Structure formats: structure tokens, C-alpha cells
Amino acid sequence: MTSLSPDAASVARQIDHTLLTPGATTADVAALVAEAIRLGTYSVCVSPSMLPLTIPADADLKVAVVCGFPSGKHHSVIKAAEAALAIEQGADEIDMVIDIGAAEAGRFDDVQADIAAVRASIPAPKVLKVIIESAALTDAEIVAVCQAAVAAGADFVKTSTGFHPAGGATVHAVRLMKRTVGDRAQVKASGGVRSYDDALAMIEAGATRLGVSGSAALLSGATPVLTGAY
């Protein structure tokens, strides 16, 4: 068993250990689950077609699944159905992508309705995270989308898919998102969170969850460093 320093263990418990590449196989996802358990991450985050996952009964590991990913241009009815099926197949959390074009066009009522449709399909206590592609939005648009997400009942607002050419999470965006949602929702930073320093900076800015694909490499940068071998 790998032993983490207390600080690194705390960071690990904020990580959604992620594998969303189009070429991912069932063997890759099984390895992801095993690594997540070894590292002590909060969850694994996978594509909906990879469900159901086999999680050991004694493992403290949640399953997050993306929805409307990565473009967000799916119809709300399809997003809601996709989310509901994922929950039926064992997901604990849904990470949905908004219609970025609607946000850029100022159609925030449509953004809210899209989120509300998914929320209605996965009642609490299942967790809904809303991916806003913060790097593609202005500050005013980030604020408006976060307000729409909270109004629609989201549990988290999340920076990025990691697939948008505009980029991923920034400290500025995380701080703005947290200031906007306050205690009404949490913030997940994802997309480009690759180093331990990145993780700490995002947490300091207000993130309580991190989307990370290279979790082992990130955690190995903790001080004091990890002991034991992977």
C-alpha cells in the first residue's frame, strides 16, 4: 500500500481520477480504478459507455460520468436521458457540459433550462457538476453561467472539459466561480491541473474537487513526497 503524507492524502481525496480519451478500453478503465484505489482519490471519472464499472466492495471510491461531452451541443432531452442511464448503471456523479454557444450568445435562460433538465433526471443525493468551459467565456459570462447553474440546482460548477482549444482551468476562473456561487455550490477545477503546485493553487482559489488524469505524477510532487512504490 502506498503511504501518502497527510497533505498529499488530503489532496488525493479531492481528485476525480479521470480517463476520457476516445480510445480508452475496458482494460484501461480497470487499471484506472485500481490506481485510484491505490492513490486514495475520491472518484474515477469515465465516459458513459464504460459503465458499469467493477468497484471492490470495500473500496471508498465514487464513480463520476460525463454527459453531453465534450461539446455540450446535445439536446437537453438526450443529456437528461444519458445522465439517467449513467445513474442507473452505477454512477454517483454526473459531469455535464453546457451549450457553450448559448452562453456566448447570452442565452442564459436556455443554459439554465438545459442544466435543470439534467438535474430533474438525477435527483439528489446524486451529484451534478456543470462544466462551463471557463476559458472560452468572458468574466461576465462565467458569472452568469454560474448563477444559472446554481438556480438550476447544480452541486458544482466545473471549469473545463480539457478538450476545448481555449484551454483549461485558471486560478482566476476558479476564484471568480467560487466568489459567484459562494456556499450555494462547490467548484471543480479541471483541464491542465498537472502539478502538485497547480492543485494547491486551485484549492487555495476555492476548488474543492480537481479533475486530474495524471494523478500519480501530480501527487508525487507533494512535499514531503510519497513513500512506497506504485
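Among the conditions (1) part of a helix (DSSP H, G or I); (2) out of contact with any strand residue (DSSP E or B) (no Cβ under 7 Å at 6 or more places or on another chain); (3) open to solvent by less than 60 Å² (accessible area, probe 1.4 Å), the only one that Ala166 does not satisfy is (1). The residues in the stretch 94-109 that are open to solvent by less than 10 Å² (accessible area, probe 1.4 Å) and not in a loop (DSSP other than H, G, I, E, B) can be counted, and the count is 6.
Against the list (1) crowded, with 18+ Cβ neighbours inside 10 Å; (2) of a type in the set (S, T, N, Q); (3) under 18 Å from Met96 (Cα atoms), the condition Thr208 fails is (1). The residues of the stretch 57-72 that are within 17 Å of Lys158 (Cα to Cα) and either modelled with pLDDT under 95 or not small (Gly, Ala, Ser) (or both), listed by number, are Val63, Val65, Val66, Cys67, Phe69, Pro70. For the stretch 169-191, a residue qualifies if it is touching a Gly at 6+ places or on another chain (Cβ under 8 Å) and surrounded by fewer than 18 Cβ atoms within 10 Å (Cβ to Cβ), and the qualifying residues are Arg175, Arg179.
You will find that of Gly211, Gly206, the residue that is in contact with a strand residue (DSSP E or B) (Cβ under 8 Å, 6 or more places away or on another chain) and either of a type in the set (Lys, Arg) or on the phi < 0 side of the Ramachandran plot (or both) is Gly211 and no other.
When Ala154 is tested against (1) within 13 Å of the chain's Cα centre (by Cα); (2) within 19 Å of Val174 (Cα to Cα); (3) outside any loop (DSSP other than H, G, I, E, B), exactly one condition is not met: (3).
Of the set (1) under 20 Å from Lys129 (Cβ atoms); (2) open to solvent by 40 Å² or more (accessible area, probe 1.4 Å), all apply to Val65 but (2). Among the candidates Ala84, Ala57, the residue that is open to solvent by 70 Å² or more (accessible area, probe 1.4 Å), farther than 24 Å from Gly214 by Cβ and not basic (Lys, Arg) is uniquely Ala57.
Whenever a residue of the stretch 127-141 is within 14 Å of Val111 (Cβ to Cβ) and of a type in the set (Gly, Ala, Ser), its partners that are open to solvent by less than 10 Å² (accessible area, probe 1.4 Å) and modelled with pLDDT of 95 or more, lying with C-beta atoms within less than 6 angstrom and at least six residues away or across chains, give the pairs Ser134/Ile142; Ser134/Thr159; Ser134/Ala173.
Scanning the stretch 110-138 for residues that are assigned to a helix (DSSP H, G or I) and over 17 Å from Lys188 (Cα atoms) returns Asp110, Val111, Gln112, Ala113, Asp114, Ala116, Ala117, Val118, Arg119, Ala120, Ser121. Among the residues of the stretch 135-156, none qualifies, meaning not one is more than 26 Å from Pro52 (Cβ to Cβ), modelled with pLDDT of 95 or more, aromatic (Phe, Trp, Tyr) and surrounded by 15 or more Cβ atoms within 10 Å (Cβ to Cβ).
The values are calculated or read from the model by the stated rules, or taken from the named source; none is laboratory data. Since the structure is predicted, the reported quantities are computational estimates derived from the model, not experimental observations. Ideal geometry is used to build each Cβ from the backbone, glycine not excepted, and the neighbour counts take in all protein chains shown. Areas reflect the complete protein model, heavy atoms only, side chains present, ligands, DNA and RNA absent. Shrake-Rupley method; radii C 1.70, N 1.55, O 1.52, S 1.80 Å.
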